[in-house]
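Here's the structure we're looking at; comments come further down.
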Amino acid sequence: MKVRQLAIFMENRAGRLAELTEVLARGKIDIRGFSVADTAEYGIFRVLVDDPAKAKEMLKNEGFTVKETDVICVDVPDIPGGLHKTLKILADEGINVEYLYSGVGGFVVFDLSDTEKGIKVLQDNNIGILSHSDIVARKINN
């Protein structure tokens with residue numbers, strides 16, 4: 001139930017993120033979730049897409065540095081305290097959340113210190129773990 005995430009390293013300068021998203025748009029790559037972290041000189045664009053292999057190839061061909069990692073996508077209950085419940089389950093089991101961000105359609109992307117244990121603990125507590133095809137299928141009406 002892991003999902004492939006791309007992390008793209010780039011200079012922190014005006015227009016660079018637009019250049020990156022232009023490559024994805026040109027390839028008709030659909031972004032399903034993303035996060036941007038930055039320093040004064042560099043940024044990391046973490047992204048979930050519908051076709052990670054195609055996106056990685058296109059970005060590398062345009063000179064971007066791309067790393068692939070596995071994350072989990074969690075169907076966090078959409079109620080007050082839903083995120084807290086999920087985080088508490090992980091904390092009680094000693095699992096650290098390295099980072100998280102929200103995806104298109106209401107899921108939350110987690111990078112955990114122990115992904116396998118995290119998946120088992122969340123499933124044991126009836127918290128849904130989504131597959132790549134699940135996140136691609138989630139759409140928001142425009």
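The values are calculated or read from the model by the stated rules, or taken from the named source; none is laboratory data. Computed from a prediction, not measured in an experiment: that's the story for all the values here. When we count neighbours, we look across all protein chains shown, and the Cβ atoms used for this are built from the backbone with ideal geometry, even at glycine. Surface areas here come from the heavy atoms of the whole protein model, side chains and all, with no ligands, DNA or RNA. Shrake-Rupley method; radii C 1.70, N 1.55, O 1.52, S 1.80 Å.
Table for the structure above
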item	result
Qualifying residue in region 51-60 (condition: open to solvent by less than 60 Å² (accessible area, probe 1.4 Å) and among the basic types (K, R))	yes
Residue selected from region 1-17 under the condition open to solvent by less than 60 Å² (accessible area, probe 1.4 Å) and of a type outside the set (D, E, K, R), by the criterion nearest to D134 (Cα to Cα)	V3
Test: residue in region 111-126 that is among the hydrophobic types (A, V, I, L, M, F, W, C) and in a loop (DSSP other than H, G, I, E, B)	no
Which numbered condition G43 fails, given (1) surrounded by 15 or more Cβ atoms within 10 Å (Cβ to Cβ); (2) modelled with pLDDT of 95 or more	(2)
Criterion: buried (at least 18 other Cβ atoms within 10 Å of the Cβ) and either on the phi < 0 side of the Ramachandran plot or in contact with a Pro (Cβ under 6 Å, 6 or more places away or on another chain) (or both) - qualifying residue of I79, I89, I72	I72
Any hit, region 100-116, residues being open to solvent by 70 Å² or more (accessible area, probe 1.4 Å), closer than 25 Å to E11 by Cα, in contact with a Phe, Trp or Tyr (Cβ under 9 Å, 6 or more places away or on another chain) and among the β-branched types (V, I, T)	no
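Residue by residue, here is whether (1) of a type in the set (D, E); (2) outside the structural domain of L6 (by the TED database); (3) at pLDDT below 95 holds:
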position: E57; (1), (2), (3): yes, no, no
position: V76; (1), (2), (3): no, yes, yes
position: D92; (1), (2), (3): yes, yes, no
position: I95; (1), (2), (3): no, yes, no
position: L100; (1), (2), (3): no, yes, no
position: V109; (1), (2), (3): no, yes, no
position: I119; (1), (2), (3): no, yes, no
